[in-house]
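Worksheet for the structure shown next.
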């Protein structure tokens with residue numbers, strides 16, 4: 001609250017008044033408030049408040065500056081699907097690869113190497129099958 005109050009004081013002092021000094025009574029009028037809003041001086045106090053329009057305006061200008069200096073961004077993304085935990089996928093793979101129909105309990109008792117063997121032996125089914 002202290003930070004916002006001090007920034008409001010600075011914004012009012014910087015307001016383009018042509019040398020005129022503002023008093024509290026002057027700021028009560030709608031005309032002076034409209035001038036603060038028109039020149040964005042009233043909103044400038046919020047530039048450090050995350051989520052406010054001046055904050056995002058500053059973040060946007062910082063981003064554009066980084067792009068000019070460093071070039072366009074590049075993203076490298078690695079996703080892990082955790083296929084070894086998908087019981088329905090392992091049941092399907094055991095039917096396709098080993099021709100064995102398993103229920104939920106035997107699938108949960110498979111060893112890590114057996115699960116990996118099933119997954120790596122049929123990459124097409126593993127890739128196409130979405131999680132349920």
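The values are calculated or read from the model by the stated rules, or taken from the named source; none is laboratory data. Because the structure is predicted, anything quoted here is derived from the model rather than measured. We place every Cβ from the backbone using ideal geometry, glycine too, and count neighbours over all the protein chains shown.
Going by the structure shown, is residue 65 modelled with pLDDT of 70 or more and either surrounded by fewer than 14 Cβ atoms within 10 Å (Cβ to Cβ) or outside the structural domain of residue 108 (by TED's automatic domain parsing) (or both)?
yes
Can you tell me which residue is modelled with the lowest pLDDT among those in the range 68-99 that are surrounded by 10 or more Cβ atoms within 10 Å (Cβ to Cβ) and not in a helix (DSSP H, G or I)?
The residue in question is 81.
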